[in-house]
Amino acid sequence: EDTVTMTVTYGEYQPHVGDQDALKLTVAAAVQETGQVLAKELLVRLHTPELTLTLLGPAVVGQEVPVQVVFQNPLPEP
């Protein structure tokens, strides 16, 4: 058994995501002693930032109310 860590930067995966919010990873390996080939697929869902909503006035049924929405963009671009 062995563990391999691989970092995939936003710049590497961004062109392949499109409007999907998931990455499909495929890993293949061969057992040297037996020649057996193994493959595994993993679907990784990307999380959208958490939104914080704050009412800026009284909420009245049927009337608009101003709301402040705050979130932190985790990506290196606007």
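The values are calculated or read from the model by the stated rules, or taken from the named source; none is laboratory data. Just so we're clear, the structure is a prediction, and the values are computed from it rather than from any experiment. Reconstructed Cβ throughout: ideal geometry from the backbone, glycine too, with neighbour counts over all protein chains shown. When the accessible area is computed, the model is the full protein with side chains, heavy atoms only, and any ligands, DNA or RNA have been set aside. Shrake-Rupley method; radii C 1.70, N 1.55, O 1.52, S 1.80 Å.
In the set Val70, Val61, only one residue is touching a Ser or Thr at 6+ places or on another chain (Cβ under 8 Å) and of a type outside the set (Phe, Trp, Tyr); that residue is Val70.
Annotation note: Cβ proximity below 6 Å between a residue of segment 14-33 that is in a helix (DSSP H, G or I) and a residue that is among the β-branched types (Val, Ile, Thr) and modelled with pLDDT of 85 or more (sequence gap 6+ or interchain) occurs for no pair.
Being in a loop (DSSP other than H, G, I, E, B) and either open to solvent by less than 80 Å² (accessible area, probe 1.4 Å) or touching a residue at least 12 places away in the same chain (Cβ under 8 Å) (or both) is a property that does not hold for Val4. Whether any residue in segment 66-75 is in contact (Cβ under 8 Å) with a residue 60 or more places away in the chain, in a loop (DSSP other than H, G, I, E, B) and within 14 Å of the chain's Cα centre (by Cα) is what I want to check. The answer is yes; a qualifying residue exists.
Would you be able to say whether some residue in segment 48-71 is loosely packed, with under 10 Cβ neighbours inside 10 Å and within 30 Å of Asp2 (Cβ to Cβ)? No - not one qualifying residue is present in segment 48-71. Taken over segment 37-47, residues that are assigned to a loop (DSSP other than H, G, I, E, B) and either open to solvent by 100 Å² or more (accessible area, probe 1.4 Å) or among the aromatic types (Phe, Trp, Tyr) (or both) amount to 1.
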